[in-house]
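Taken together, the values in this text are just the output of simple stated rules run on the coordinates, not laboratory data. Quick caveat, the model's predicted, so the values are computed rather than measured. FYI the Cβ positions are ideal-geometry reconstructions off the backbone, even for glycines, and counts take in every protein chain you see.
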Amino acid sequence: MKDDFETSITALEYRLLTELIYEFCGIRFEESSRYMVTRRLLPRLRELNLQNFTDYFRYLKYNPRARAELDELVERVTTNETYFFREDYQLRAFTDEILPELAAQHVDDKRIRIWSAGCSSGEEAYTIAILCSESPFLRGFHVEIFGNDISKKVLSMARAARYPQSAFRATDKRYMDRYFRKVDELKYELTDEIKQMVTFGHLNLLDSLGLSLVGQNDVIFCRNVMIYFDEPVRKTVLKNLYRRLRPRGYLLLGHSESLLNMTTEFEVIALKNDLVYRRPGT
């Protein structure tokens with residue numbers, strides 16, 4: 001198989017492949033991503049002893065291992081980048097305004113469920129766990145935090161909870177001292193106390209049936225995930241998130257994301273530190 005980009009994938013092969021990715025997980029790759037997608041997948045074709053991308057497309061459609069290979073494909077073409085305590089103004093809204101309200105709502109059962117949708121390698125989910133563990137409003141509460149991602153590779157990293165220095169670019173030193181220990185010159189490991197608050201699962205945000213396993217949540221963080229989807233997929237994902245949110249539960253998106261022209265099912269709530277969304281109800 002030639003390694004030259006111009007001959008490694010045809011326009012038709014690229015269209016068929018990217019349409020398959022879109023149908024599977026809702027991520028749309030434009031022509032501008034052709035070089036990146038090709039370079040990341042060429043080694044996989046060699047591993048499978050396939051001669052060209054047409055053979056690879058047939059493999060993805062008809063091989064008995066097609067479903068597993070779709071997972072492998074997504075692993076290779078997606079990019080996961082995050083860090084602890086990202087978008088601190090929104091986290092202040094969460095700790096100072098949302099958590100006190102939830103504590104009042106659950107004063108009887110003392111149970112709160114939070115979902116980190118598209119959690120990548122776990123930094124967001126563990127950040128939420130740290131903030132909940134320190135919240136004076138949640139003394140005596142049982143807090144369940146669930147994180148999902150479509151990439152098994154990043155979920156494996158999340159479960160290991162070992163992170164490089166770059167993951168702490170926005171982390172206060174007191175959190176580092178309290179919740180992490182240095183394991184070598186390159187990595188820091190999270191304490192078991194926080195790890196045990198979070199569970200992770202391999203789920204696709206377009207899979208309504210699979211997402212039913214998530215249960216009902218008081219807060220859903222889905223930050224910097226919608227930017228990878230086009231409008232039809234965003235609407236589908238939002239419907240799935242809405243179903244998994246309790247009445248008066250909160251949806252927190254990334255700073256560049258909005259529900260404008262997407263849905264009218266959520267209320268817009270102006271908190272002191274951020275604009276957030278809430279499912280109406282009593």
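Remarks
- Amide H partners (placed H, <5 Å) of residue 200, local residues excluded: 147
- Nearest-0.05 FRET efficiency for residue 111 and residue 65, computed from C-beta distance (R0 41 Å): 0.50
- Residue pairs exceeding 22 angstrom between C-alpha atoms, taken from 110/173; 195/272; 110/195; 61/235; 152/195; 153/195: 110/173; 195/272; 61/235.
- Computed lengthening from residue 236 to residue 80, 0.36 nm per intervening residue step minus Cα-Cα distance: 54.0 nm
- Across the chain, the mean sequence separation of Cα contacts (distance under 8 Å, 6 or more residues apart), normalised by length, yields a relative contact order of 17 percent.
- Centroid-to-centroid separation of the stretch 47-119 and the stretch 189-268 [C-alpha atoms, Å]: 9 Å
- Computed about the Cα centre, the dipole magnitude for the stretch 88-278 is approximately 280 debye when only Lys and Arg (+1) and Asp and Glu (-1) carry charge, each at its Cβ.
- Value at 222 nm in deg cm²/dmol, rounded to 500, when DSSP H runs of n ≥ 4 in the chain each add -39,500 (n - 2.57): -11500 deg cm²/dmol
- Here the spin labels are modelled as points 7 Å beyond Cα on the Cα-Cβ line, and at residue 139 and residue 269 they lie 2.4 nm apart.
- Measuring nothing but how far apart in sequence close Cα pairs (under 8 Å, 6+ apart) lie, relative to its length, the stretch 156-282 scores a relative contact order of 19 percent.
- Each 10 Å bin from zero up to the one holding the largest Cα-Cα distance in the stretch 88-278 carries the following percent of pairs: 9, 36, 38, 16, 2.
- Among 136, 164, 64, the residue with the largest mean-square fluctuation in a Gaussian network model of the chain, with springs joining Cα atoms closer than 10 Å, is 64.
- The chain - share of DSSP beta bridges that are antiparallel (%, nearest 5): 40 percent
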